[in-house]
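Working notes for the structure below.
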Amino acid sequence: MSSPSHTSPLKMGIPIPNSKLAIWLFLGTEIMFFTAFIGTYIVLRLGSPGWPTDPHDTHIHIWAGGLNTFVLLASSYFVVVAHEAMAKRNFARARKFIIYTFVLACVFLGIKGYEYYGKISHDILPGRIAETEQQGSLKAVSELSYVVTEWKNELIPQELHPEVKKANITDIETQSPDALAVLAAAKELTPEDLTALGKALVKATGNDSFSGQPITQFVQDKKKKLTAEETKAESKAVAELTELAKSKLGEDVGGQVASSRLAQVALGSLAQKEVTIEAFEAQLEQLKRYSSLNATLAEMRNAVAAETISMHEVGRKVDQLNGRGTLETNSGEAYSGIVSHDQLVRLSFEETPSVAKDDKVTLVIHHVEIAGSVHEVGETITVRTEDGPVTLHDGSEVELRFGAESHAAGIIEGHSAFESEWRVRPDEGEDQLVAASDVKSIDYFYRNRMNGSWLFFSWPRVHHPHPVVFGNLFASVYFLMTGFHAIHVIVGMILFAIVLKDGANLGANKTDFVENSGLYWHFVDLVWIFLFPLIYIV
Amino acid sequence: MSDSGHGSHHVNYLLIFVLLCGFTALSVVADLVEMPSKAVLIVIVFAIASAKATCVLLFFMHLKFEGNWKLIILAPTTILAIGLPIALMPDVAFHYYINDAAQIVHDDIDTDGHDESHPKKHTH
């Protein structure tokens, strides 16, 4: 019963390393993991009454998906070659192919990163997509509101000074010319005159010292209730100040010193040598721009709440705010308004109609030149004009509004080589067209605030409203599937890094590891093989 | 101890890779070409995806050459993988009720779940 047996001991289980069994078990769980997400996507999509598929809405490009598929397939191939090399003990070759695999994984993530950047910059993120026009308007208003609040918070510490805020000078825009005029005039004064004015200012505003105290004391504390005598004294001091100011600064400018708070602040600042006129002007300019943006925001917010403005108009306002600025030419002219880089469409006609200013004219298009390339109107071309896209076919009739006779003549005659042009649309008056070579600089008032930027990436912080029905559901499942897949790619890269860490010492002890990493990587590829048609094609 | 079944077969991996690329190109072409209906596109594209998956599984992952033990592991997961969506279909995918999501405007009551939806002005 217990005689020693010469047969080999009973072998339990299948003749594979534990790690291989483990990895297959793990892959089994991964199948269930991804099926949860892919299955959810299928079921939700079948159940949804609609789904965004237009690339303008989803920003999904099949070339990116196709390229990624190719990249992953190639990396799968390389990992299999590496595994074969390991089995043949050709470790240098194996290492080489693992490096190729790793590089391709980086390429995959790079393309994915580019796709995600596109999504994020268009705010195609779950929970952030407007689905109706009203939501689109509300979203634009709320984003603009955020930008404005952020600007306000930045301005407050650097505001002219705290006393201006305390004294509640609300009409900064009307008072600021006074302040600047006073500053400019006061710059010409001698130090003695300036000091005398400063002292008179102190007396008139009720502060009892002028000896290098902070500027905050130059503005009268309204909370203090004056007695009849104090009031009389104050009036007298103010009259003396006005007299002195008029004699030193001139009738007009001097007269403003007593009445304009901001002018007093400016004068005091200069007397104290706290602020230069350039800095003052720059701060005032910032305040003016902020006030203007704030006013536009308030107008938009009220209109959206009252539903008196359409979403397209909201979009147009956002574009106008982005474009508002000043354009300076090389010849020193400056134009202020909405700056845009327009593609001017030059149209030619069989007959040249005579067109007067503001005339509306119906013309038959025979020939269109867009950005220097000529199209015959047998083709269907879509052309962007001021009023929106216009689709032209052979024999199209288009209504065009001409701003000025010479402008109309220029367009009608034009076959000349197209030059890139900048257009500045002022609030009143005619558009200015400036050739690109003439532009010296452009100062946008709000663009830097309405858009975020880092390195060479930029994204809008106030988006042009673009509602996408069922967009949030789409974004949710999209990021769920591709995000988890990308995480698995990163894990695979870690596995390859562990192999590559050995460097030239890669040996037979890592054969199983390479095989198992390869299996994991093939699985990642498998998931992508199914994700590609699901996301990019269907 | 590595699997000793390696030397007994020879697979032309490069050929498989080229085949896979060809299948991928086919699916891109299927997307660009006009199909008689969406359903046809879906069937074609999934057939191609399954073919690709089969190539990867059989050749790259060596299922063709190694024992059937792997199928024992994969069987329950596959059953679950297919079974779960099927189980959810009646509740989520098919509608026996009128869908009342905020985005849908009901001009016409349509219970097959594929009525055209269009944005509705919604004031919250």
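The values are calculated or read from the model by the stated rules, or taken from the named source; none is laboratory data. Note that this is a predicted model, so its numbers are computed, not measured. Cβ: placed from backbone, ideal geometry, glycine included. Neighbour counts: every protein chain shown. Ligands, DNA and RNA are excluded from the accessible area calculation, which covers all protein heavy atoms including side chains. Shrake-Rupley method; radii C 1.70, N 1.55, O 1.52, S 1.80 Å.
Results, tabulated for the structure shown:
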{"read-out": "Inter-chain Cβ neighbour average for residues B:55-61, partner chain, 10 Å", "value": "6"}
{"read-out": "Heavy-atom accessible area ranking, 1.4 Å probe, most first, across A:Tyr478, A:Tyr444, B:Tyr97", "value": "B:Tyr97, A:Tyr444, A:Tyr478"}
{"read-out": "Over 18 Å between alpha carbons, listed pairs A:Lys288/A:Lys440; A:Lys88/B:Lys70; A:Lys203/A:Lys232; A:Lys187/A:Lys236; A:Lys199/A:Lys236", "value": "A:Lys288/A:Lys440; A:Lys88/B:Lys70; A:Lys187/A:Lys236"}
{"read-out": "Segments A:511-517, A:48-54 sorted - mean Cβ within 10 Å per residue, highest first", "value": "A:511-517, A:48-54"}
{"read-out": "Amide H within-cut-off set for A:Asn451, under 5 Å, with H built and near neighbours excluded", "value": "A:Arg461"}
{"read-out": "A/B buried area, accessible surface, summed, 1.4 Å probe, Å²", "value": "5100 Å²"}
{"read-out": "Surface per residue (accessible, 1.4 Å probe) for region B:29-73, Å²", "value": "52 Å²"}
{"read-out": "Exercise: per-residue mean of other protein chain Cβ atoms within 10 Å, B:68-80", "value": "4"}
{"read-out": "Peptide ranges B:32-45, A:128-141, A:321-334 listed from the most packed, as the mean C-beta count within 10 angstrom indicates", "value": "A:128-141, A:321-334, B:32-45"}
{"read-out": "Most to least accessible of A:Cys106, B:Cys21 (protein chains only, probe 1.4 Å)", "value": "A:Cys106, B:Cys21"}
